[in-house]
Amino acid sequence: MKKIIVIPGDGIGQEITASAVKVLQKVDEKFKLGLEYDYRDAGGTSYEKFGTPLTDEALDACKKADGVLFGAVGGKKWDSLPVHLRPEKAIFGLRKGLGLFANLRPTKVYPELINSSPLKPELVGGSDLLIVRELVGGIYFGPRCESEQVNGVEQAWDTEIYSVPEIERITKLAFETAKLRRGKVTSVDKANVLAASRLWRKVVVDVAKHFPDVELNHLYVDNAAMQLVLNPKQFDVIVTNNIFGDILSDEAAVIGGSIGLMPSASIGELTSLYEPIHGSAPDIAGKDLANPMGTILSAAMLLRYSLRQEAAAKAIEAAIDKTLADGWRTADIYTDGFKKVGTAQVTEIICDNL
Ligand code: NAD
């Protein structure tokens, strides 16, 4: 048996994880995966029940699981709580507790939704890239000073630190991931200016020697930001540090045109966590309006990266492709001439397409 911990969280998290579990159950029937589900709370929902956004018990259950499927957390109701009790703290607790060192964010431009992209169709058509972002190191976690006086002037500073093992770990993951895809890695750094980036580049080159069948190139982050909008089709896997990955993955997310369709994976040493990139969308929660595709595609990533069930993952992705090609649209991606459906119905259609 393979144990999946499902954490619906808040807002539309409840609806979209229910959809993803339905699709997983259907794919399990077909591929005999032996999936088992256990549910835990996080975010505001956990705060209401237990007085904390993430209990130790929930974290322990995740540590023992084969994979974690996460919905979303957050809502106005909890915005005025002290920082340590706010729903978002659950995400940081899981990242830290599970040692989630890499964030994987695919961006795929679906031919059927090409007009939702802010970029010209001829530029984005066929784009299919994956950003592998280092998640627990670099300037977000380095030593910092909020305020100090130097010669009577106030200043503040942050520090970018990367060690060889940290860079090796994320780079290996990027190359292994590229082998499952089109076999190309672009490493993004700022080696013309930053020492930590020069080490980054040196280690990436060393790791690449173990992957002779994967092509490697390097881009400075400023050029990478331009290339993402000028010619996103050139990319397969992009590997980069925490801060550059934070910025580039949001830039890449808009290329696809709909946040409702974007999955993500956060990879840990033992357990990994899978979630859509959007939030809890309180404005549409409980109204059968949420697009569950980002969460369903996150479940496909769970099958691919945690359970090594590539065929089952591909089957889910193909079922989503067919659903879109057949003209079914949730409200967020609906335009005239297509068939509008709610969360529950689109889930049934995806299951039927499996
Ligand atoms: P959001 O992503 O929840 O929503 C932004 C807009 O996109 C809203 O109009 C929403 O209706 C729409 N939308 C989002 N997902 C959708 C889907 N699957 N289908 C259809 N429409 C969808 O961002 P927000 O409004 O800035 O934040 C709402 C709450 O979510 C906040 O409390 C925020 O802190 C939290 N949040 C949580 C996460 C997370 O859990 N990982 C991430 C981002 C924001």
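The values are calculated or read from the model by the stated rules, or taken from the named source; none is laboratory data. All of these numbers come straight from a predicted model, not from anything done at the bench. Every residue, glycine as well, gets a Cβ built from its backbone with ideal geometry; the counts of neighbours run over all protein chains shown.
Listed here are the residues, each with its yes/no results for (1) within 26 Å of S280 (Cβ to Cβ); (2) without any contact (Cβ under 8 Å) to a residue 60 or more places away in the chain.
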site	(1), (2)
L94	yes, no
P118	yes, no
G138	no, no
V164	no, yes
E168	no, yes
K172	no, yes
R181	no, yes
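Which number in (1) under 26 Å from L100 (Cβ atoms); (2) surrounded by fewer than 19 Cβ atoms within 10 Å (Cβ to Cβ); (3) modelled with pLDDT of 95 or more marks the one condition that F141 misses?
All conditions pass for F141, except number (3).
Scan region 156-197 for residues that are at pLDDT below 95 and aromatic (F, W, Y) and report the count.
0
Can you name the residue in region 1-46 that is within 12 Å of the ligand (Cβ to nearest atom) and part of a strand (DSSP E or B) and, of all such residues, is nearest to L85 (Cα to Cα)?
Checking each candidate, the answer is G9.
Specify which of the listed residues (L289, L270, L303, L324) is in contact (Cβ under 8 Å) with a residue 12 or more places away in the chain, more than 16 Å from the ligand (Cβ to nearest atom) and surrounded by fewer than 23 Cβ atoms within 10 Å (Cβ to Cβ). Steps first, answer last, please.
Numbers: L289 fails: more than 16 Å from the ligand (Cβ to nearest atom); L303 fails: surrounded by fewer than 23 Cβ atoms within 10 Å (Cβ to Cβ); L324 fails: more than 16 Å from the ligand (Cβ to nearest atom).
From the options L289, L270, L303, L324, the qualifying one is L270.
Here are some conditions: (1) away from the ligand (no atom under 15 Å from the Cβ); (2) out of contact with any Leu (no Cβ under 7 Å at 6 or more places or on another chain). T107 meets all but one. Which one does it not meet?
Here T107 meets the rest and fails (2).
Please go through region 272-284 and give me each residue that is aliphatic (A, V, I, L, M) and in a helix (DSSP H, G or I), ordered by number. Don't jump to the end; show me each part of the working.
Taking region 272-284 first, the residues aliphatic (A, V, I, L, M) are 273, 277, 281, 284.
Listed by number, the list holds a single entry, I284.
Identify the single condition in (1) within 24 Å of I4 (Cα to Cα); (2) buried (at least 20 other Cβ atoms within 10 Å of the Cβ) that A311 does not satisfy, given that it satisfies every other one.
Every condition holds for A311 apart from (2).
Condition (residue is within 30 Å of K64 (Cβ to Cβ) and surrounded by 23 or more Cβ atoms within 10 Å (Cβ to Cβ)) applied to region 111-131: is it met by at least one residue?
Initial filter on region 111-131 (within 30 Å of K64 (Cβ to Cβ)): 130-131.
The next check asks that each one be surrounded by 23 or more Cβ atoms within 10 Å (Cβ to Cβ); those that pass are 130-131.
Scanning region 111-131 turns up at least one residue that is within 30 Å of K64 (Cβ to Cβ) and surrounded by 23 or more Cβ atoms within 10 Å (Cβ to Cβ).
Only one residue in D213, D189, D236 is crowded, with 21+ Cβ neighbours inside 10 Å and not aliphatic (A, V, I, L, M). Which one? Outline the logic, then answer.
On the way: D213 fails: crowded, with 21+ Cβ neighbours inside 10 Å; D236 fails: crowded, with 21+ Cβ neighbours inside 10 Å.
Step by step, each of D213, D189, D236 is checked, and only D189 is crowded, with 21+ Cβ neighbours inside 10 Å and not aliphatic (A, V, I, L, M).
Check V221, V153, V136 and return the single one that is closer than 12 Å to N241 by Cβ and at pLDDT 95 or above.
Just a single option satisfies the conditions, and that option is V221.
Can you tell me how many residues within region 54-76 are within 11 Å of the ligand (Cβ to nearest atom) and surrounded by 14 or more Cβ atoms within 10 Å (Cβ to Cβ)?
Pass one, region 54-76, residues within 11 Å of the ligand (Cβ to nearest atom): 70-76.
Checking the rest, the ones that are also surrounded by 14 or more Cβ atoms within 10 Å (Cβ to Cβ) come to 70-75.
The qualifying residues number 6.
Looking at region 152-271, what strands (runs of 3 or more DSSP E) fall wholly within it and have at least 3 residues that are among the small types (G, A, S) and under 22 Å from G138 (Cβ atoms)? Quick ask: steps written out before the conclusion?
Working: elements: 153-158, 184-189, 215-220, 237-240, 263-268.
Here the list reads 263-268.
Restricting region 236-267 to residues that are among the acidic types (D, E) and closer than 24 Å to G74 by Cα, which is farthest from the ligand (Cβ to nearest atom)?
Filtering region 236-267 down to residues among the acidic types (D, E) leaves 236, 246, 250-251.
Filter once more, so that each one left must be closer than 24 Å to G74 by Cα: 246, 250-251.
On the way: D246: 13, D250: 11, E251: 16 Å.
In this case the residue turns out to be E251.
Does any residue in region 247-264 that is farther than 18 Å from R329 by Cα come within less than 7 Å, Cβ to Cβ, of a residue that is of a type in the set (A, V, I, L, M, F, W, C) and within 11 Å of the ligand (Cβ to nearest atom) six or more places away or on a different chain, and which pairs are these?
A253/I259; A253/M262; A253/I277; S264/I277
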